[in-house]
Amino acid sequence: MDLAFFIQLFVTGVTTGAIYAAVAMGFVLVFRVTGILNFAQGELLMVGGMLIISFREAGWPLYAAIPVTIALVFLLGCAIYALALGPAIKRGTNISLLLITLGISQVLQGLAQIGWGSAPRYTGDFSPTAHPISVLSVSITTQSIWILGGVLVALGATYLVLERTGIGRALRASSIDPMMARLSGINVRMVSLIAFGAAGALAAVGGLLLAPVIGMTYATGSLIGVKGIAAAVIGGFGSIPGAIIGGIALGLLESLASLISTGLTTGISLLAVVIVLLILPNGILGGRRVKAAVGV
Amino acid sequence: MSAPSVLVDAALEVHGITKSFGGNHVLRNVDMSVSPGSLHFLIGPNGAGKTTLFNVISGFIRADAGTVSLFGSDVTGERARKVARQGLARTFQNLQLFASLTVAENVLMALHGQMKGGLPRAMTGLFVSREENREYERAYEWLDRFGLAKYASSMPSDLSYGDRRLVEIIRAFASQPKVVLLDEPAAGLGLSARANLFDVLKELHAGNMTIVLIEHDMKFGMALADEVTVLDVGTRIAHGTPAQVQKDDAVIAAYLGKRSVADA
Amino acid sequence: MKSPLMTKRRNQHFIWLGAVVVVAVLPLVFGDGYSQTVILTIGLYAIFGIGLQLTMGTGGILNMGHAAFIGIGAYSSAIVTTKGGNPWVGMLVGIVVAGVLAFVVGLPILRLRSLYLAIATLCVALAVTNVLGFWTALTGGQNGVTGIVPFSIGDFSFIDLPSQIYLIWGFLLVAVLIRINLRYSVVGREFEAIKDSDLATSSLGINHGARRLQIFVIGSVIGAVGGSLYATYLSAITPDLFGFPFLIQIFVLVALGGMVSLWGAPIGAIAVVCLHEFVIPVISGGNAGPVEIVIFGVILVIVMIFAPNGLTDQVVSTTRRLVKIARRRRNHDEPSSVTPASKKVAA
Ligand SMILES: Nc1ncnc2c1ncn2[C@@H]1O[C@H](COP(=O)(O)OP(=O)(O)OP(=O)(O)O)[C@@H](O)[C@H]1O
Ligand SMILES: [Mg+2]
């Protein structure tokens with residue numbers, strides 16, 4: 001085994017990890033602002049992938065299909081909050097809120113199956129080439145470059161929104177202390193709505209970039225959703241850099257695991273999650289102490 | 001050599017407790033010594049750190065430094081339920097009754113520690129055990145003693161706020177603790193409820209129970225207290241008998257512009 | 001003094017005896033095979049539901065792994081009996097495996113925040129279905145196991161439908177009885193108290209981590225018992241029987257039947273099985289799978305928005321509140337003339 005081989009593994013891992021990172025970031029954003037674990041996050045990715053496939057089948061160019069897909073899934077994310085979680089959050093318990101997101105994930109899966117059928121749907125690479133590009137005997141598909149670039153742009157945009165805009169400041173304030181945010185006049189419902197929308201947009205980016213790589217089915221989302229949760233847990237479930245690092249780490253881990261057996265990848269993420277939960281409850285970036293929530 | 005508890009001169013000994021949340025220093029090197037059988041009055045302006053000190057003592061919060069001991073045995077850093085097992089009971093500043101249990105069952109919960117609560121028995125037992133019935137009667141007697149027996153089968157939400165406070169206090173005492181911490185029991189009570197509570201505390205205290213009381217109503221507390229500790233912004237600024245503390249310059253300064261200690 | 005602790009429990013015991021009578025005559029009233037299959041399925045689902053009610057409702061644990069524990073029970077029976085073992089031994093193996101796994105997985109309950117538990121149990125669920133699907137030597141992989149032997153006592157074998165109904169509903173009634181006893185016991189009271197205020201329970205010296213771990217194990221074991229009965233009834237099982245759609249069905253069951261209501265599991269089971277058997281085939285017109293998923297999803301969402309503790313519990317508590325208000329009205333028989341007047345002022 002030579003260096004190029006490992007670089008190859010590394011590239012594959014980082015590419016997969018980038019998708020996980022986008023999904024994980026959505027989980028973390030929503031969780032930080034609303035305290036909800038949104039199980040429908042993976043389904044939002046699936047819808048994003050399905051939409052771009054449909055738009056491209058309809059002959060739309062990428063520069064139209066991509067923004068429309070992102071915008072639609074953004075709105076879908078907002079709708080999930082506005083129609084279901086928003087009305088529920090006041091009386092809801094941890095359990096009821098979680099079950100609502102589970103229910104939504106089921107509805108999206110069922111509707112996708114009714115609308116788009118059960119067979120996998122495919123679409124071509126965004127920039128098709130006859131052969132993968134070869135750099136120093138490491139071959140990279142153009143779609144991997146799209147994925148890495150796209151996720152980077154999405155994360156960068158999210159970062160800029162969070163750091164530089166008023167709504168971003170409101171988001172950050174609410175994620176640190178929702179109570180204080182409310183007291184200082186931030187409209188927490190609005191901020192939650194935006195968080196759900198933004199998580200949808202991030203998932204859409206992941207989905208549309210992934211669509212050419214795999215056959216999208218109505219069930220694709222649930223597995224990737226679990227991977228996204230795993231990535232978020234590895235990153236400490238709460239910090240946004242953690243989500244990104246967790247995503248990449250999980251991608252690399254799976255890429256290494258595929259050396260042993262490709263069937264092993266799911267098992268590896270599960271194992272990673274369990275280990276992290278048991279040994280490092282605050283993620284690989286956090287300390288070993290469980291943050292105790294004491295409110296007397 | 002471990003001294004027998006009779007020889008211990010403090011029921012509750014707090015030494016050098018320091019606690020900060022983030023950068024916010026809430027308690028700084030606080031000492032407090034509560035004599036057995038005394039009613040110890042803990043005062044201080046809003047945000048002085050009184051409740052936080054209770055939380056540290058009762059094990060809900062771990063202090064950054066310092067020690068807590070109950071009748072000579074070290075309970076520093078123990079979890080709340082372990083500290084409770086060692087004989088510490090408390091009430092909460094915001095009432096913590098069990099809303100889905102009846103009033104009598106609320107008090108009964110305090111007696112659970114003395115019952116055999118095995119799970120196999122709970123799942124298979126068709127009848128209420130004799131032991132449980134006996135404890136229920138004890139809970140009922142506690143309510144009866146303070147005139148609340150008529151509410152035994154009511155839900156807490158049916159009671160007036162003052163009576164709910166009383167139930168929480170009775171629940172704390174019913175567990176037969178060695179030390180009881182009461183966090184602002186009179187807050188939000190009307191005049192007659194307050195007078196009633198005063199009599200209740202007086203009676204409980206006469207039973208030689210060690211009590212630490214947080215209360216903003218000075219007259220109320222000082223009339224009951226044997227000893228006083230004064231906190232201000234996380235520091236103990238005075239301690240002693242009620243008479244000593246009321247004359248203390250630092251205490252008067254801390255309360256200046258709010259209200260005078262003597263006639264609050 | 002006769003303590004009031006006994007009365008609630010007595011009432012439930014009488015209802016329980018009534019249920020025993022009803023169950024005894026059920027197969028006699030409904031003689032045809034289809035009705036009996038439906039009744040039997042309701043019994044099975046009710047057992048699954050009770051297990052989940054215990055962990056989620058009583059223990060307050062976000063349990064995403066219940067279907068997996070049912071699967072463990074089912075596969076234990078399947079594997080033991082097809083290898084020549086006694087079905088009762090199979091059930092026992094299922095109980096032990098599920099119990100031990102629940103204990104190990106549940107250990108973090110003692111320290112993890114509740115959301116992490118949802119994730120941990122989800123991981124277990126996926127891991128179990130993974131193992132069931134790919135450990136071909138033991139589980140038959142995706143093809144599953146066939147030829148599972150039914151339960152028997154002496155020479156009598158529970159093969160025909162009525163006897164299977166009695167077997168399954170017998171287990172269900174025992175599970176309900178356990179739940180009734182538990183609810184009105186010292187331990188049950190502690191669970192109520194923990195849900196109301198974990199601060200106060202800690203300050204009374206109650207170890208709620210340990211209690212919740214116990215209930216997690218019990219709920220999972222009941223699930224495994226249900227799984228074992230399920231497998232011997234079907235006589236052939238595959239891993240995807242215990243996947244996500246199945247879990248969702250049980251969630252819907254609990255959402256409709258209520259998280260804590262003592263009779264909620266049978267009620268929810270009747271609702272879910274009737275939806276599945278009678279309503280959804282009519283609506284879907286041929287494409288039952290995805291339509292069912294959508295309908296169950298929508299039910300779950302709507303019920304959890306308006307009744308976070310489940311439909312039955314909501315109905316019970318709302319009725320109670322209305323009764324209380326009505327009673328208060330009757331006691332204070334004063335005309336409420338204040339409201340119209342103040343409205344006038346406001347306008
Ligand atoms: N869990 C916590 N996290 C952060 N800050 C806290 C926490 N608990 C208390 N504080 C801060 O510690 C300070 C002291 O609070 P504490 O409740 O102990 O005061 P107190 O003396 O009981 O006041 P009061 O008379 O109003 O009850 C306050 O400034 C409060 O904001
Ligand atoms: Mg306080």
Counting Lys and Arg as +1 and Asp and Glu as -1, each charge on the Cβ, what is the dipole of the protein assembly as shown about the Cα centre in debye, to the nearest 20? 1260
From a point 7 Å beyond the Cα of B:Thr241 in the direction of its Cβ, which residues of the range B:208-223 have a backbone N at a distance under 18 Å? B:221-223
Pop out the ³J(HN,Hα) list for the range B:100-105 in order, Karplus 6.51 cos²θ - 1.76 cosθ + 1.60 with θ = phi - 60°, rounded to Hz; leave Gly and Pro as x. 9, 10, 5, 4, 5, 5
Long-range amide H partners of B:Leu181, meaning residues 5 or more apart or on another chain whose placed amide H is closer than 5 Å, are B:Ala89, B:Arg90, B:Thr91, B:Val212
Tell me the angle of helix A:62-80 to the major Cα principal axis of chain A, expressed in degrees between 0 and 90 and rounded to the nearest ten. 30
Not counting ligands, DNA or RNA, and with a 1.4 Å probe, what is C:Arg321's accessible surface area in Å² rounded to the nearest 10? 140
Set Lys and Arg Cβ to +1 and Asp and Glu Cβ to -1, take the dipole of the protein assembly as shown about its Cα centre, and tell me which of C:Gly73, B:Ala223, A:Pro132 lies farthest positive. B:Ala223
With θ taken as phi - 60° and the coefficients 6.51, -1.76 and 1.60, list the Karplus ³J(HN,Hα) couplings across the range B:122-127 in order, rounded to whole Hz; mark glycine and proline as x. 5, 7, 9, x, 7, 10
Accessible-area loss of at least 40 Å² (1.4 Å probe, chain alone to full protein assembly) applies in the range B:60-81 to B:Phe60, B:Arg81
Excluding ligands and nucleic acids, what accessible area in Å² is computed for B:Glu78 using a 1.4 Å probe, to the nearest 10? 70
What's the magnitude of the charge dipole for the range B:101-171 around its Cα centre, counting Lys and Arg as +1 and Asp and Glu as -1 at the beta-carbon? Answer in Debye, nearest 20. 140
Using only protein heavy atoms and a 1.4 angstrom probe, determine the accessible area buried between B and C, summed over both sides, in Å² to the nearest 100. 3400
Among C:Phe242, C:Thr55, C:His208, which residue has its Cα positioned farthest towards the positive end of the charge dipole of the range C:4-242, with +1 placed on the Cβ of Lys and Arg, -1 on the Cβ of Asp and Glu, and the dipole taken about the Cα centre? C:His208
Leaving out ligands and nucleic acids, and using a 1.4 Å probe, what accessible area per residue does the protein assembly as shown come to in Å²? 42
Need one number: buried accessible surface between chains A and C, 1.4 Å probe, both sides summed, DNA, RNA and ligands left out, in Å² to 100. 3600
In the A-B interface, the accessible area buried, summed over both sides, Å² (probe 1.4 Å): 300
Ignoring ligands, DNA and RNA, what percent of the 1.4 Å accessible area of the protein assembly as shown is carbon and sulfur? 64
Mind checking the angle between helix C:288-306 and chain C's longest principal axis? C-alpha axes, 0 to 90 degrees, to the nearest 10. 30
Pop a pseudo-label 7 angstrom from the Cα along the beta-carbon direction at both A:Leu223 and B:Ser192 and give the gap in nm to one decimal. 7.2
Give me the tail of P(r) for the range C:4-242 as a percent: Cα-Cα pairs with distance above 29 Å. 33
Where the centroid of each part is defined by its Cα atoms, how far is the range A:142-197 from the range C:8-37 in Å? 56
Chain C - percent relative contact order, Cα under 8 Å, separation 6 or more: 28
What residues of the range C:303-324 lose no less than 30 Å² of accessible area with every protein chain in place versus their chain by itself (probe 1.4 Å, heavy atoms only)? C:Met304, C:Ile305, C:Pro308, C:Lys324
For the range C:150-205, whose charge dipole is built from +1 on Lys and Arg Cβ atoms and -1 on Asp and Glu Cβ atoms, the candidate among C:Leu199, C:Ile168, C:Gly154 with its Cα farthest towards the positive end is C:Leu199
Note every residue of the range A:199-234 with a reduction of at least 10 square angstrom in accessible area, all protein chains present versus the isolated chain, computed with a 1.4 Å probe, or write none. A:Val226, A:Ile229, A:Val233
Angle between chain A longest axis and helix A:265-279 axis [Cα atoms, degrees, rounded to 10]: 40
Please report, in debye to the nearest 20, how large the charge dipole of the range C:4-242 is about its Cα centre when each Lys and Arg carries +1 at its beta carbon and each Asp and Glu carries -1 there. 720
For each pair in B:Lys202/C:Lys195; B:Lys219/B:Lys247; A:Lys90/C:Lys324; B:Lys50/C:Lys195; A:Lys90/C:Lys195; C:Lys8/C:Lys195, compute the distance between the two Cα atoms and list the pairs where it is over 22 Å. B:Lys202/C:Lys195; A:Lys90/C:Lys324; B:Lys50/C:Lys195
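The values are calculated or read from the model by the stated rules, or taken from the named source; none is laboratory data. Here the structure is a predicted model, which is why all the values come from computation and not from measurement. Cβ: placed from backbone, ideal geometry, glycine included. Neighbour counts: every protein chain shown. Ligands, DNA and RNA are excluded from the accessible area calculation, which covers all protein heavy atoms including side chains. Shrake-Rupley method; radii C 1.70, N 1.55, O 1.52, S 1.80 Å.
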